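Scroll down for the structure; my scribbles are underneath it.
The values are calculated or read from the model by the stated rules, or taken from the named source; none is laboratory data. Here the structure is a predicted model, which is why all the values come from computation and not from measurement. Neighbour counts are summed over all protein chains in view; Cβ atoms, including those assigned to glycine, are modelled from backbone coordinates with ideal geometry. Side chains are part of the model used for accessible areas, which takes the heavy atoms of the whole protein and leaves out ligands, DNA and RNA. Shrake-Rupley method; radii C 1.70, N 1.55, O 1.52, S 1.80 Å.
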Amino acid sequence: MGGFPILSVTTFLPLSGVLLIFLFHKRSADNVDVARHIALWTSLATFVASLVMLRGFDSGSSSFQMVELVPWMPSLGIAYHVGVDGISVLFIVLSAFLTPLCIISSWASVKSRVNEYMVSFLILETFMIGTFCALDLLQFYIFFEGVLLPMYLIIGVWGGSNRVYAAYKFFIYTLFGSVFMLIAFLAIHFLAGTTDIVELFEKKQEFSFSVQAILWLAFFSSFAVKVPMWPVHTWLPDAHVEAPTAGSVILAGVLLKMGGYGFLRLSIPLLPDATSYFAPLVFSLSIVALVYASYIALVQEDMKKLIAYSSVAHMGYVTIGIFTLNVQGVEGAIFQMLSHGIVSSALFLCVGTVYDRLHTREISRYGGLATNMPRYALIFMVMMLASVGLPGTSGFVGEFLILVGAFQANVLVAALTATGLVLGCMYMLWLYRRVIFGKLYKTDCQTMSDLGLREVFVFAPLVLLVFWMGIYPVSFSKVSSASVLHLINNYELALSSPSESSDQAGLPIRTDDRQVVAQALWRPVDRERAEGLGGAH
Amino acid sequence: MWFIAVFPPLLGAVIAGLAGRMIGDRGSQLVTCSGVIASAIASVWLFFNIGIHHSESHVIELFTWFSSGTFKASWALRFDTLTAVMLVVVNFVSACVHVYSVGYMSHDHHKPRFMAYLSLFTFCMLMLVTANNLMQMFFGWEGVGLCSYLLINFWYEKPSANAAAIKAFVVNRAGDFGFALGIMTLYVLTGVLDFDAIFAAVPSVAGQTSAFLGYSVNVLTVACLLLFMGAMGKSAQLGLHTWLPDAMEGPTPVSALIHAATMVTAGVFMLARLSPVFEYAPTALAVVAIVGALTAFVAATIGLTQFDIKRVIAYSTMSQLGYMFFAIGVSAYSAAMFHLMTHAFFKALLFLGAGSVIHAMSGEQDMRKMGGIARRIPVTYGLMWIGSLALAGVPFFAGYYSKDMILEASFAAGTGIGQFTYWIGICAAVMTAFYSWRLIFMTFHGKPRADHHVMDHVHEAPLVMLAPLLALAIGSICAGFIGYEYFVGHGRVEFWGRSLFVLSNQDSVSVAHHALPVWVGQLPTVVGGIGILLALVAYVLIPTLPSLIVERIRPVYAFVLAKWRFDELYDFLFVKTALRIGLAFWKTGDAKVIEGLGPNAASALVRVSAWKVSMAQTGYIFHYAFVMVIGLVILIAWFMIK
């Protein structure tokens, strides 16, 4: 408190760009470059602001930092309250990092209504960053839902041929889930008397188990759609296919992460008993998603649809990791979300690159691009390998940590999740083979030119990050580790404290207690039984 | 020195890969070759220091990789005898292959890319063998898999190469599924990832059992079996071997380096590295022995029937890897490593020799279209003889020492499994000798079966290709009797130091040195000679004999020729099924069930109910009046009943 309000600045800086575009609206009507430049430089400034914020962040502490608290509706106990901890801080940087890339990548491909397009993206950025900063339920809800509007426009106005259908589907699916979340927020307000997240944490508000279960399901209905989990994933392929490239990038890069973030920020700390109770449900749905989406991806004819389904599979890993509720699982899930934010964005950009040249996403129209687009082939290869989870790339770290976490929670879950290692590589290799390899005999493919300078500029930081995160992941994971530990300790504390509802059917196993782990290794044994075995040993 | 032994290939790969067009073909070749040669020299120096002079083995920590709770792993380089042996093998063979490729690929348009891949592969292999923890080993493991994929697919315009590359990657991934789970099991069991810490923890957790799906299982055994699954994938053991023969789509130097000498032996290396773990899991060792023996046998039978010169050698590789695995299965780790080393020399020699033949025959690989070229390419012919003599285990060549040691050790193990592997090994030895000379006779002897265009063009390879062959030939001759004393002889304890571990009651190599009937050691040599004679009879003296025999056993022959029908089985079980499942999930699951019951049903519901409601608004006064009257009646009735 009292310092420079860096979080608010980062959140609302993009809006200044919106203002500028409105001011120069008349003059830029015939010269759209003005709007492009304004959007680019504001988003870059926002990125710099987010880096300043990251620099000021103390990764040793697990509490909320850079907190700003301004009364808003004092009579209702609702305030403007922002702050970051290790879980949210990197998502803010990710959002601020991807937006300028989106703007550069749509520099030439978006030609109609450029002013409105740029305005949509800047507003979207504010809402995304706001979601990750928010420390008040109502405020969280506003930003979380606000994201829908610009995204709806981006898909519906600048999308493909079937864009209106996809936009409606996207909107209705996500709104449907969120209605329940809003009701849950209201319920929390009535029960606890506050919507302040920090206050709710500190009060150690104990909801009875049945209340927790209902609230948890309400949260789940919203976050599961966002992630998206099976079987509410069917909006994603349509939305991705119809969205313009940059829209897909933000959708896959940031929007999907809001679901995972919601679980971490709200479901687990506020509703620990229900979390433990429903974890097997999440595991089952995630494993189904993983296997199901991988198989579907294998038979896709449309590049974007394939990558969209691969997103469903990869987010399946994330939800498994989150609900293992141990250090490796949760850290892995956060890392996987960041990595997927980079990799899937890059993959959508890869699709966009060839789409700009040939105006089709149909895989069979391509082939043999390695011959005339070697630079593109290399970058696509790196991203494909990162998506497959090759060690040394960012995809591996998160995936493997999640598997290790899952293994400690339940061996069967880990074994089934690990099938993703095999399934995941099949569809990506098959896609790459059809697009890049083979003989270059299609005449329209022969005329395609390799990456230009602007495109290289877009991809270069992504490639760099993929390797950086893969070879020295500590520089990212150490930011979140204190907060993750705090989250898990609190969760276990809440579970072990005797409350009327303590339901111990879940599978948390303390990672530090080797004896118990080894004994409980092959079965989701509840804790008393595991300790009994350990004692007998 | 350790730095020079490991990192120059990476540097070469990056320079040739990214700046290949700038520095040109010659520049790329220079950069990569000199890098690998520097590494080879450095690793020989390290080998002498660590292996022969017994200087302290050591670990060099670079920086942290994983750090999540207790799950910690660093990038580190570990140097002990086991690593030093692998360093020499990898760097030496790689240097030979690099130089050979300069000649072999002289007509190709993508030389910088090829050299970059080769160097990148070498680096990944070096990361694998210098790993100090399971994670880095997994990095190298998948890294070499990637390079293998890239190199099989080097001629990316060929659909067959594309398919083979994907197959190699996916099958290896199936093995890595086991490897990854094995790493996790060991981590959860011991709480650490570094080798030394794992080795220290294993004896105390050896007997632990846990329940899984209602069964009580020994955790350590399960961990070892999962790790072995990874080894099976990488080393093409029976069941996960189908990718190796197809991998011959890659250029021949690749087959020599990756699919004969180094990468495919990574599984053997991994098990040897983890010998302190496997020693405490006798059940897992038994499985290793059986799988290894079956692989040795099945691969040898297929090798008898193939006509593609590279595929014959590929099946021979698979068979020899089987030998190494059953050696490990009877705790003869040192013998397995010894065979790994000698095999690297003579198998690389055979492959590069075959490459030289293919080069001479204008790209022809089918032995039925060769013959009668011994005089035209005498040096290659002589070198192929040396390689085959070493492979068949003819006395005083390298393979003689190592293969005999393996067979003696398995006999000496004194168990039923040891006996089984010994006799299977003897059978495979006959076949090995037979198909080796079948290859020589079909390729070099008899009447020329190629057309005259090809025959006119037959020429000896240039010096840049022959020099590496000569280096490997020297290795194939000398590696056996020089290495014997150190690797498996009386100096073996000092030589290996603490890098290999055998429980004293399972030390089959030591038994083999003392109490063994004489015939056990001589039988392999005798059957090798018989195999050569049989080949001589069947392919030189009575050339009609093979087809006569084939006629007699037509169904068996067809079955073996079709590689025991593994490919068809897998294609049916996995490939076709996967596509069918994918389509079903997509068209039925997503489109019909989820969409149909979810959003589409909801929108249909809204539409129908809206239509129903709109039906009520007919606009006729009497309709409304009628409804009002009915409503009133119901209302009044309601109040009266109350």
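Solvent exposure of chain B, expressed per residue, is 38 Å² of accessible area, with all protein chains present and a 1.4 angstrom probe. Chain A and chain B together bury an accessible surface of about 5700 square angstrom, both sides counted, with a 1.4 Å probe and no ligands or nucleic acids included. Quick note on segment B:95-251: its Rg to Rh ratio, both from C-alpha atoms and Rh being the Kirkwood radius, is 1.08.
Distances between placed amide hydrogens fall under 5 Å for B:Ala76 paired with B:Leu62, B:Asn132, all partners being 5 or more residues away or on another chain.
Report the far tail of the P(r) of segment A:213-274, meaning the percent of Cα-Cα pairs longer than 14 Å. Roughly 58 percent, rounded to a whole number.
For segment A:339-445, the direction-averaged projected area of the alpha-carbon convex hull comes to 7.0 nm². Its Cα gyration tensor gives segment B:246-323 an equivalent ellipsoid. The semi-axes, each the square root of 5 times an eigenvalue, are 27, 16, 6 Å from largest down. Rg and Dmax, both from the Cα atoms of chain B and both in Å, are 30.6, 120. Measuring nothing but protein heavy atoms, the accessible surface of segment B:567-642 at 1.4 Å probe radius is 80 percent carbon and sulfur.
Hey, which of these cross-link pairs are over 18 Å Cα-Cα: B:Lys592/B:Lys612; B:Lys167/B:Lys234; B:Lys310/B:Lys563? Write out the running numbers ahead of the final one.
On the way: B:Lys592/B:Lys612 25 Å; B:Lys167/B:Lys234 12 Å; B:Lys310/B:Lys563 15 Å.
Among B:Lys592/B:Lys612; B:Lys167/B:Lys234; B:Lys310/B:Lys563, the Cα-Cα distance tops 18 Å for B:Lys592/B:Lys612.
For chain A, excluding the exposed loop sites themselves (trypsin sites (Lys or Arg not before Pro), DSSP loop, at most 11 other Cβ atoms within 10 Å), the longest remaining stretch covers A:205-537. Normalised by 2.2 N^0.38 Å, where N is the number of residues, the C-alpha radius of gyration of segment A:5-124 stands at 1.23.
Sequence-ordered 3J(HN,Hα) estimates for segment A:157-169 from the Karplus curve with 6.51, -1.76 and 1.60 and θ = phi - 60° stand at 9, 9, x, x, 5, 9, 5, 5, 4, 5, 5, 4, 4 Hz, glycine and proline given as x. For segment A:84-167, the C-alpha radius of gyration sits at 1.19 times the compact-globule guess of 2.2 N^0.38 Å, with N the residue count.
With everything on Cα atoms, drop me the angle between helix B:282-305 and the longest principal axis of chain B, reported from 0 to 90° to the nearest 10. Once rounded, one gets 70 degrees. Here, P(r) means the percent of Cα pairs in each 10 Å bin from 0 to the largest distance; for segment B:1-92 it is 17, 35, 28, 17, 3. Solvent exposure of A:Glu199, expressed as accessible area, is near 80 Å², computed with a probe of 1.4 Å over the protein chains only.
Compared with the dominant Cα axis of chain B, that is its longest principal axis, helix B:134-152 is turned about 80°. Using the Cα coordinates of segment A:153-220, the gyration tensor eigenvalues translate into equivalent-ellipsoid semi-axes of 35, 13, 8 Å, sorted from longest to shortest.
If only the Cβ of Lys and Arg carry +1 and only the Cβ of Asp and Glu carry -1, the dipole of the protein assembly as shown around its Cα centre is close to 2640 debye. For segment A:6-494, the dipole from Cβ point charges (+1 on Lys and Arg, -1 on Asp and Glu) about the Cα centre works out to 1260 debye, to the nearest 20.
With Rh defined as the Kirkwood radius, the inverse of the mean 1/r over Cα pairs, the Rg/Rh of segment A:101-229 is 1.07. Only alpha carbons enter this Debye calculation for the protein assembly as shown, each as an equal point scatterer, and the log10 of I(q)/I(0) it gives at q = 0.05, 0.07 Å⁻¹ is -0.38, -0.71.
Taking a ≥ b ≥ c as the square roots of the eigenvalues of the Cα gyration tensor of segment B:563-642, is the shape rounded (a/c under 1.5), prolate (a/b larger than b/c) or oblate? Verdict is prolate for segment B:563-642. Only helices enter the 222 nm calculation for chain A: every DSSP H run of n ≥ 4 contributes -39,500 (n - 2.57), and dividing by all residues gives -23500 deg cm²/dmol, rounded to 500.
Selection among B:Ala236, B:Cys224, B:Gly145 by position relative to the dipole of segment B:117-254 gives B:Ala236 as farthest towards the positive end (Cβ unit charges, Cα centre).
What is the percent carbon and sulfur in the accessible area of segment A:6-494, measuring with a 1.4 Å probe over the protein chains and ignoring ligands? Write down the numbers at each step before the final one.
On the way: 10240 of 14720 Å².
Whole-percent figure for carbon plus sulfur exposure: 70.
Calculate the dipole size of segment B:288-412 relative to its Cα centre from +1 charges on Lys and Arg beta carbons and -1 charges on Asp and Glu beta carbons; express the result in debye to the nearest 20.
With only Lys, Arg, Asp and Glu charged at Cβ, the dipole is about 360 debye.
Beyond 19 Å, what percent of the Cα pairs of segment A:294-378 remain? Summing the P(r) tail past 19 Å for segment A:294-378 gives 50 percent.
Contact with the other protein chains removes 40 Å² or more of accessible area, compared with the isolated chain and a 1.4 Å probe, from these residues of segment B:204-235: B:Gln208, B:Ser210, B:Ala211, B:Phe212. Over all pairs of different C-alpha atoms in segment A:6-494, the reciprocal of the mean inverse distance, the Kirkwood hydrodynamic radius, equals 22.5 Å. Accessible surface area normalised per residue over segment A:6-494 is 30 Å², counting heavy atoms of protein chains with a 1.4 Å rolling probe.
Note: segment B:471-625, Cα convex hull, 407 Å³ per residue. Rounding to the nearest 10 and keeping the result within 0 to 90°, find how far the Cα-based axis of helix B:219-234 lies from the longest principal axis of chain B. It is inclined by approximately 70 degrees. Here's the picture: charge each Lys and Arg Cβ at +1 and each Asp and Glu Cβ at -1 in segment B:576-622, and of B:Ile581, B:Ile621, B:Ala604 the one pushed furthest to the positive end of that dipole is B:Ile581.
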